[in-house]
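The values are calculated or read from the model by the stated rules, or taken from the named source; none is laboratory data. Predicted model only: the values in this text are computed from it and were never measured. Here the Cβ is made from the backbone with ideal geometry for all residues, glycine too, and neighbour counts use every protein chain on show.
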């Protein structure tokens with residue numbers, strides 16, 4: 001698509017049921033904790049996230065607040081939630097893809113207090129319902 005600039009695969013998001021167990025598992029594989037934070041989901045506190053890095057590979061391990069954990073435990077076909085692409089300008093990317101008619105899930109890019117200065121992201125759906133995240137670390 002003309003004007004769309006994806007730099008590289010930024011991370012793969014994996015919902016987990018026990019962040020400590022999952023962090024330890026990936027540490028044994030050589031990954032290191034590159035960033036950890038908390039978040040709210042639908043106004044409920046208690047979400048936790050850890051970005052695990054090995055070279056250029058980043059896995060986003062996240063544990064939802066308690067009321068959402070049952071949904072993750074019920075999944076049968078794997079746990080990968082989304083694939084995130086790194087972009088230079090999330091606002092411009094959002095406008096470009098929205099204007100092109102793609103199914104965007106957020107009304108605007110969302111700010112998260114992750115990394116040193118935060119990040120902004122939005123998701124769109126692929127043809128089979130897969131979530132593709134476009135993310136800019138600020």
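If the condition is being modelled with pLDDT under 90, farther than 18 Å from residue 124 by Cα and surrounded by fewer than 15 Cβ atoms within 10 Å (Cβ to Cβ), then segment 1-20 contributes 17, 18. Answer yes or no: is there a residue in segment 58-74 that is touching a helix residue (DSSP H, G or I) at 6+ places or on another chain (Cβ under 7 Å), surrounded by 12 or more Cβ atoms within 10 Å (Cβ to Cβ), farther than 28 Å from residue 26 by Cα and at pLDDT 90 or above. No, segment 58-74 has no match at all. The number of residues in segment 21-31 that are loosely packed, with under 14 Cβ neighbours inside 10 Å and either under 18 Å from residue 73 (Cα atoms) or in contact with a helix residue (DSSP H, G or I) (Cβ under 9 Å, 6 or more places away or on another chain) (or both) comes to 1.
When segment 92-111 is limited to residues that are out of contact with any helix residue (DSSP H, G or I) (no Cβ under 6 Å at 6 or more places or on another chain) and in a loop (DSSP other than H, G, I, E, B), the one that is surrounded by the fewest Cβ atoms within 10 Å (Cβ to Cβ) turns out to be 101.
Within segment 112-128, track down each residue that is touching a strand residue (DSSP E or B) at 6+ places or on another chain (Cβ under 7 Å) and free of Cβ contacts under 8 Å to residues at least 12 places away in the same chain.
So in segment 112-128, the residues touching a strand residue (DSSP E or B) at 6+ places or on another chain (Cβ under 7 Å) come out as 112-115, 118-126.
Residue satisfying the conditions is 126 alone.
Against the conditions (1) in contact (Cβ under 8 Å) with a residue 40 or more places away in the chain; (2) under 23 Å from residue 111 (Cα atoms); (3) outside any strand (DSSP E or B), residue 17 satisfies every one except (2). Residue-level check: of (1) at pLDDT 90 or above; (2) part of a helix (DSSP H, G or I); (3) closer than 24 Å to residue 115 by Cα, residue 25 misses just (1).
For segment 32-57, a residue qualifies if it is in contact with a helix residue (DSSP H, G or I) (Cβ under 8 Å, 6 or more places away or on another chain), without any contact (Cβ under 8 Å) to a residue 24 or more places away in the chain and more than 29 Å from residue 89 (Cβ to Cβ), and exactly one does: 46. Under the condition of being in contact (Cβ under 8 Å) with a residue 24 or more places away in the chain and either assigned to a helix (DSSP H, G or I) or within 14 Å of the chain's Cα centre (by Cα) (or both), the residues counted in segment 58-91 number 22.
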